[in-house]
Amino acid sequence: MYAAVVSTLGQPPQYQQFPEPIPEENEVLIHVRAAGLHPIVKARASGAHYSSDGVLPLVPGVDGVGTLEDGSRVFFGFSRPPFGSMAERTVTRRSMCLPLPDGIEDVQAAAIANPGMSAWVSMKERARIVPGETVLILGATGVAGQLAIQVARHLGAKRVIAAGRNVEVLAAADVDAIIALGQPEDAIRGAFAAEAENGIDVVIDYLWGRPTELLLEALAKGFKASATRSTRLVEVGASAGSTISLSGATLRSVDLTLLGSGFGAARLDVIFAAIPTLFSLAAAGKLKIDVEPVPLADVEAAWSRVDRGRRIVLTI
């Protein structure tokens, strides 16, 4: 069969022949139709993601849409290594397959599951958002950030603040305030501080690194012993840096809860259980995502492109 094949960590996959997967006990064969090119896919293929085992060669891809041997259409995840979703066929456990509603197309389902899942689980399961709260999306211009805005609204956020570099994208989103991260640091810190004056209940952080440091500095600077308000910060991604510098004084002056959201921080069954809800919302037009279908044969060229608010989906 043809597949995208990673032979060297950190290098784009090549479109070439790969051995056919043979289902083992309790597994099913999937005829793949679409697979999302998510940031986690690239991170795992480079060996940089904490879930990567570094064993080569491998077919990348964490999830996708395909058909079973009986012709039924399913979303699937967690294929057995080295068989990822970016191939004509793959194998996974039957429990890792979900039927798709008729109202959602293959490429939409393949695009929305991973970023939508990160937004949903980080907000509902990790931050446990309560209707009426204020949510700051740190890194709101990417696909996941745009979905996080929509999920926050769906879960009842009263006020949504979007922070990112692409102000034009943020201006078109359903948000109450915008913080432009392309400004000088003093201006960014001041904008965070102004929002913190009214309280920020939940932060969904796709950036980490320096933007998160500026936010925490602003929260600490606005310290008021007589009017403490708690903030839950959920770290989901680290596109701006893998580490932060956090002073003890910040933790003493802010009622701050730090959480992570990802495989390990949240149980696999909890993460997977969120997907049918996402598909139902998408089928009803309540969650929207820009998708660019690209043939699997063009995977090498697509691999190096940057996510600019549109998710690339490889089609087979």
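When each of Thr243, Thr250 is tested for being more than 28 Å from Arg33 (Cβ to Cβ) and open to solvent by less than 30 Å² (accessible area, probe 1.4 Å), the lone residue that passes is Thr250.
Under the condition of being in contact with a Gly (Cβ under 8 Å, 6 or more places away or on another chain) and assigned to a strand (DSSP E or B), the residues counted in the range 13-42 number 7.
The set of residues in the range 259-276 being over 26 Å from Arg89 (Cα atoms) and surrounded by 15 or more Cβ atoms within 10 Å (Cβ to Cβ) consists of Leu259, Ser261, Gly262, Ala265, Ala266.
Summed over the range 124-156, residues that are of a type in the set (S, T, N, Q), closer than 16 Å to Thr231 by Cα and part of a helix (DSSP H, G or I) total 0. Evaluate the range 107-123: report whether one residue or more is under 30 Å from Val6 (Cα atoms), open to solvent by less than 20 Å² (accessible area, probe 1.4 Å), not in a helix (DSSP H, G or I) and not hydroxyl-bearing (Ser, Thr, Tyr). No, the range 107-123 contains no residue that is under 30 Å from Val6 (Cα atoms), open to solvent by less than 20 Å² (accessible area, probe 1.4 Å), not in a helix (DSSP H, G or I) and not hydroxyl-bearing (Ser, Thr, Tyr).
Among the numbered conditions (1) at pLDDT below 95; (2) touching a strand residue (DSSP E or B) at 6+ places or on another chain (Cβ under 8 Å); (3) within 25 Å of Ala283 (Cα to Cα), the only one that Gly199 does not meet is (3). On the stretch given as the range 45-57, residues that are surrounded by 15 or more Cβ atoms within 10 Å (Cβ to Cβ) and either polar (S, T, N, Q) or within 14 Å of the chain's Cα centre (by Cα) (or both) total 3. Within the range 87-116, residues that are on the phi < 0 side of the Ramachandran plot and charged (D, E, K, R) sit with their Cβ atoms under 9 Å from residues that are modelled with pLDDT of 95 or more and in a helix (DSSP H, G or I), at 6+ positions apart or across chains, in these pairs: Glu88/Leu296. Number of residues in the range 283-303 that are buried (at least 17 other Cβ atoms within 10 Å of the Cβ) and closer than 17 Å to Leu100 by Cβ: the value is 4.
Considering every residue within the range 249-258, establish whether at least one is hydrophobic (A, V, I, L, M, F, W, C), on the phi < 0 side of the Ramachandran plot and under 20 Å from the mean Cα position of the chain (by Cα). Yes - at least one qualifying residue is present in the range 249-258. With respect to the conditions (1) open to solvent by 30 Å² or more (accessible area, probe 1.4 Å); (2) modelled with pLDDT of 95 or more; (3) out of contact with any His (no Cβ under 7 Å at 6 or more places or on another chain), Arg89 lacks only one, and its number is (3). Looking across the range 35-75, just one residue is modelled with pLDDT under 90 and of a type in the set (Asp, Glu), and that is Asp53. Scanning the range 133-165 for residues that are in contact (Cβ under 8 Å) with a residue 60 or more places away in the chain and surrounded by fewer than 24 Cβ atoms within 10 Å (Cβ to Cβ) gives Glu133, Thr134, Thr141, Gln150, His154. For the range 212-240, the candidate set comprises residues that are open to solvent by less than 50 Å² (accessible area, probe 1.4 Å) and among the β-branched types (Val, Ile, Thr); within that set, the residue that is nearest to the chain's Cα centre (by Cα) is Val236.
Checking Val306 against (1) under 15 Å from Val65 (Cα atoms); (2) open to solvent by 70 Å² or more (accessible area, probe 1.4 Å); (3) not aromatic (Phe, Trp, Tyr), only one condition comes out false. Which one? Of (1) under 15 Å from Val65 (Cα atoms); (2) open to solvent by 70 Å² or more (accessible area, probe 1.4 Å); (3) not aromatic (Phe, Trp, Tyr), only one is false for Val306: (1).
Quick check: is even one residue across the range 3-21 in contact with a Lys or Arg (Cβ under 8 Å, 6 or more places away or on another chain) and of a type in the set (S, T, N, Q)? No; the residues of the range 3-21 include none that is in contact with a Lys or Arg (Cβ under 8 Å, 6 or more places away or on another chain) and of a type in the set (S, T, N, Q).
Of all residues in the range 93-106, those being in a strand (DSSP E or B) and not basic (Lys, Arg) number 3. You will find that of Glu27, Glu20, the residue that is open to solvent by less than 60 Å² (accessible area, probe 1.4 Å) and not β-branched (Val, Ile, Thr) is Glu27 and no other.
Within the range 110-151, being over 14 Å from the mean Cα position of the chain (by Cα) and among the small types (Gly, Ala, Ser) holds for Ala127, Gly132.
A single entry from Pro101, Pro60, Pro81 fulfils the requirement of being under 20 Å from Phe18 (Cβ atoms) and surrounded by fewer than 16 Cβ atoms within 10 Å (Cβ to Cβ): Pro81.
The values are calculated or read from the model by the stated rules, or taken from the named source; none is laboratory data. No experiment lies behind these values; they were computed from the predicted model shown. Here the Cβ is made from the backbone with ideal geometry for all residues, glycine too, and neighbour counts use every protein chain on show. The accessibility values were calculated without ligands, DNA or RNA, using every heavy atom of the protein model including side chains. Shrake-Rupley method; radii C 1.70, N 1.55, O 1.52, S 1.80 Å.
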